[in-house]
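Encoded as structure tokens, the structure appears first; notes follow it.
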Amino acid sequence: MSEDVGLRVGLFRSKDFVTGVLFAAVGFWFAFTGADYGIGSARRMGPGYFPVVIGGALCLVGLGLILRTSLTRLPRDPTPRLHVWPLFFLTASVVAFGLTINRFGLAVACSACVLLAGAAGSATRWKETVIVALVMTAFSALVFVEFLGLPMRLWR
Amino acid sequence: MGLLENAALGFGVALTWNNLLYCLIGVVFGTFVGVLPGLGAVTAISMLLPFTFGLEPVGALIMLTGILYGALYGGSTSSILLNMPGTPASAVVALDGYPMAQQGRAGVALFMTAIASFVGGCTALLAVFVAAPWIVSFALSFGAPEYFSMMFLGLVAAAAAASGDLFRSIGMVLLGLLMGLIGMDIVSGARRFIFGMPILSEGLSFIVVAMAFFGLTEVIRNLETKNESPPLKPNINWRGMLPNRTEARQSIGSALRGSGVGGALGALPGAGPTISSFIAYMVEVRLSRNPERFGKGAMEGIVAPEAANNAAAQTGYVPTLTLGIPGDAVGALILGTLIMHGIAPGPRVISQHPELFWGLLASMLIANLLLLVVNIPFIGVWVRILSIPYRILYPAIMIFLCVGVFSVANSPFHVMVLGGLGAVGYLLSKLDCPASPLLLGLILGPMMEENLRRALLISRGDFTVFLTSPVSAVFLGIAALVVVLTVVSGIRRRRQNRRAPATAE
């Protein structure tokens with residue numbers, strides 16, 4: 001009865017499996033890279049000792065997750081779909097700020113950041129977003145540069 | 001030093017004009033960010049942290065405390081009005097607060113949460129004034145093994161306290177510890193995990209990680225859904241805010257019980273405000289003569305968790321400041337700020353920086369008072385902020401995140417890291433991995449490694465040192481107990497879930 005329910009989502013597409021693989025891979029990478037730094041002994045630990053232990057532990061936790069979801073008879077949660085659109089544009093908006101701040105100054109960086117962020121949302125009304133860009137640039141210039149004295153130039 | 005002298009010293013520091021101003025600014029901005037739906041105390045603190053960079057350590061901490069209190073209170077406001085809790089801690093307040101708002105009693109709910117916060121904060125403060133020196137005298141005898149075991153317990157408790165799957169939260173603690181190792185190794189000077197980028201040898205800034213995982217990730221998640229929540233127009237006026245006599249009488253006991261629960265649990269590493277507000281709520285349900293009222297707008301249901309929430313936030317500072325072990329993500333941020341200002345947290349903070357410690361405690365009381373003064377007249381303003389549509393808010397939030405991260409080291413590189421980590425945080429949050437344990441691990445990682453090394457160096461590589469020291473053994477024993485209890489309750493819940501669909505068929 002309940003055995004059949006468990007097969008609704010395949011093992012490889014289950015959330016636990018994906019998480020487990022991710023943990024195991026990251027843990028393995030840290031442990032493997034860490035081993036190169038020199039493990040030393042418990043008495044005189046090298047820079048690699050702690051990373052190998054913790055990385056190994058993370059790897060085990062990942063394997064544990066994989067094992068648990070492989071053995072379970074309960075229905076597995078599917079891996080959720082990533083919403084690539086907001087993910088891409090919001091990351092892009094941050095990166096754009098980083099790329100432009102030193103080269104072109106705060107005004108360009110703020111505008112680029114707000115406009116790209118605006119592209120991320122589905123409810124965006126562009127007229128509003130342009131106003132937000134202008135207001136936020138003015139606000140940043142006033143508060144961050146003038147008032148707080150953060151070392152940023154408005155123009156460059 | 002006597003209690004009164006300490007208090008006098010503290011208020012002497014806290015009552016200077018500058019510090020009062022910092023406190024006020026913190027409370028106002030904290031409430032502002034906390035009110036915004038989906039942004040909690042951790043986000044508020046990390047977003048506003050750059051504003052405190054220019055201040056001296058005491059002023060910076062006082063402002064952060066103000067931000068924390070404001071954000072906690074603001075979080076309850078959005079829970080009550082929109083049923084959109086900014087923090088897990090204020091999710092409990094939504095259980096009864098939102099029904100109250102639907103019944104047109106939003107004003108009285110907001111008024112009572114403000115009062116309950118105040119009561120919780122004041123009660124806990126008294127406890128802290130008395131308990132802190134005692135904890136310090138105990139902690140002064142700690143050596144490396146004790147510190148290591150205590151941090152171990154803190155991390156285990158944080159993993160157990162994070163809602164959901166123990167596997168995932170332990171994994172996130174470990175991931176945080178590993179991320180904390182990025183950079184220069186203090187002992188050998190070796191650069192680890194820097195991916196060929198020399199700039200990473202300073203390590204990954206906790207502020208960048210916090211803003212990525214609690215700020216950027218949240219914004220991405222909020223943009224997943226297409227529909228905007230309809231703005232609510234609650235009717236709030238002065239008369240509607242005052243509770244009637246029975247409500248007032250019911251609330252006194254609840255507020256005090258909530259303060260007790262929160263104050264006691266908040267001091268435990270890893271417990272923090274979330275758990276304590278849940279437990280305070282459960283206590284009220286158990287004690288109530290007619291528990292069926294809960295979930296439908298019971299006054300006790302908002303007063304007790306809100307008092308507990310604030311009390312726990314207050315006593316949570318004790319392990320953070322005196323032991324250097326933060327109880328939750330907020331504590332981790334406070335700890336990071338201390339370290340950034342060159343103050344090593346630990347039992348010596350009180351003797352070396354008495355003005356900082358007692359001044360901070362005193363300023364908590366003042367923050368509570370300001371919260372009351374600022375919030376009750378301005379509840380209407382906060383409510384109006386809630387009606388700003390998210391499509392206008394989030395680009396502004398993005399600017400705050402970018403400028404904030406940039407100003408950590410005036411480096412565009414950190415901003416790029418924010419973008420990358422935000423994407424990672426989004427992926428992890430889609431996989432139900434909680435972010436708080438990661439942040440705690442990140443900050444404790446280097447300290448844990450250092451103490452492990454020192455402990456084993458002294459014991460000549462003998463691992464039994466962690467069990468032969470009684471204090472350390474007790475910490476490890478409690479950690480084991482926490483794991484066992486969490487696993488057992490998890491298995492029981494799974495069994496119940498399994499039975500539930502079977503009976504439904």
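Couple of notes before you dig in:
- Placing a pseudo-label 7 Å from each Cα along the Cα-to-Cβ vector at residue A:155 and residue A:139 gives an inter-label distance of 2.4 nm.
- Each label was represented as a point 7 Å from its Cα along the Cα-to-Cβ direction; for residue B:369 and residue B:131 these points are 2.4 nm apart.
- Per residue accessible area in Å² of chain B, where ligands, DNA and RNA are left out and the probe is 1.4 Å: 38 Å²
- Note that segment B:393-399 has calculated 3J(HN,Hα) couplings of 5, 5, x, 5, 4, 4, 4 Hz, one per residue in order, obtained from phi through the Karplus relation 6.51 cos²θ - 1.76 cosθ + 1.60 (θ = phi - 60°); glycine and proline are x.
- Cleavage-rule hits, chymotrypsin sites (Phe, Trp or Tyr not before Pro), segment A:1-86, DSSP coil, Cβ neighbours within 10 Å at most 14: none
- Seen from every direction in turn and averaged, the convex hull around the alpha carbons of segment A:84-147 projects onto 4.1 nm².
- Cα gyration tensor category, rounded, prolate or oblate, for segment B:135-219 with a/c compared to 1.5: oblate
- Loop-located trypsin sites (Lys or Arg not before Pro) in segment A:1-109 (DSSP state other than H, G, I, E, B) with a sparse environment of at most 12 neighbouring Cβ atoms within 10 Å: A:8, A:73, A:81.
- Model label sites at residue B:491 and residue A:43, defined 7 Å from Cα along the beta-carbon direction, differ in position by 4.1 nm.
- Whether chain A is rounded, prolate or oblate, judged on the alpha carbon gyration tensor where a/c under 1.5 counts as rounded: oblate
- Global size of the protein assembly as shown: 24.4, 71 Å for Rg and Dmax (C-alpha atoms, Rg to one decimal, Dmax whole).
- Volume of the Cα convex hull of segment A:2-71, divided per residue and given in Å³: 64 Å³
- Zero-based 5 Å bins, Cα pair distances in segment B:390-464, whole percents: 3, 12, 12, 15, 18, 13, 7, 8, 6, 3, 2, 1, 0
- Cα-based helix-to-principal-axis angle, A:49-71 vs chain A, degrees rounded to 10: 70 degrees
- Within segment B:3-496, the ratio Rg/Rh, alpha carbon atoms throughout and Rh by Kirkwood, equals 0.96.
- Between residue B:292 and residue A:74, the C-beta separation translates, for a Förster distance of 41 Å, into a calculated FRET efficiency of about 0.80.
- Averaging the Cα positions of each part gives two centres, and for segment B:40-87 and segment A:18-37 these lie 35 Å apart.
- Chains B and A together bury some 6200 Å² of accessible area, summed over both sides, with a 1.4 Å probe.
- In segment B:31-60, comparing the full protein assembly with the chain on its own, the residues that lose 40 Å² or more of accessible surface at a 1.4 Å probe are B:51.
- By average C-beta atoms within 10 angstrom, highest first, the peptides B:7-18, B:213-224: B:213-224, B:7-18
- Where trypsin sites (Lys or Arg not before Pro) fall in DSSP loop in segment B:258-323, at most 12 other Cβ within 10 Å: B:289
The values are calculated or read from the model by the stated rules, or taken from the named source; none is laboratory data. A quick note: this is a predicted structure, and the numbers were derived from the prediction, not measured. Cβ sites come from the backbone with ideal geometry, for glycine too, and all protein chains shown count toward neighbours. Each accessible area value is taken on the protein alone, full model and side chains, heavy atoms only, with ligands, DNA and RNA left out. Shrake-Rupley method; radii C 1.70, N 1.55, O 1.52, S 1.80 Å.
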